[in-house]
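Enquirer: First the structure, then my questions, so here it is.
What follows is calculated from the coordinates using simple rules that are stated; it is not laboratory data. Since the model is a prediction, treat every value here as computed from it, not as a measurement. Don't worry about glycine lacking a Cβ; one is built from the backbone with ideal geometry, like all the others, and counts go over all protein chains shown.
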């Protein structure tokens, strides 16, 4: 009596698995490069007297500015800005500026596509 011959395994699952790995790596690389693209420059409709924020990089100084409380109150009254509170939920619930949207700083990147684009955005923390 002869022994039964074992069936040969097909290479098809191995090939499909390799293609899936390559596709997933390509997708991950594509997503990583899309995140690292530079955002569009921020422009302001009506510049006011503004003071640059102290920052480590000169580029950040050019993009991030501070406005006075009085200027913010005027702009809010005239509906000229979108105000975002970037503090945690407990701080926001405890006290916040009326009319401010609440988007915690950890989530702000994911919310950028949904923010209004027709007026400047002012954020505040503490």
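Enquirer: Pop a pseudo-label 7 angstrom from the Cα along the beta-carbon direction at both residue 69 and residue 10 and give the gap in nm to one decimal.
Expert: About 7.4 nm separates the two model spin labels.
Enquirer: Can you tell me the length gained on complete extension of the stretch residue 126 to residue 30, counting 0.36 nm per residue apart and subtracting the Cα distance?
Expert: So the chain would gain 30.9 nm between residue 126 and residue 30.
Enquirer: For a test of the definition: using alpha carbon positions, the gyration tensor, and the 1.5 limit on a/c, classify region 72-126 as rounded, prolate or oblate. Numbers along the way, then the final one.
Expert: Working: a/c = 2.55, a/b = 1.17, b/c = 2.19.
Oblate is the answer for region 72-126, as a/c is 1.5 or above yet b/c matches or exceeds a/b.
Enquirer: Taking the Cβ-Cβ separation of residue 105 and residue 19 as r and a Förster radius of 35 Å, what is the calculated FRET efficiency to the nearest 0.05?
Expert: That gives a FRET efficiency of 0.30.
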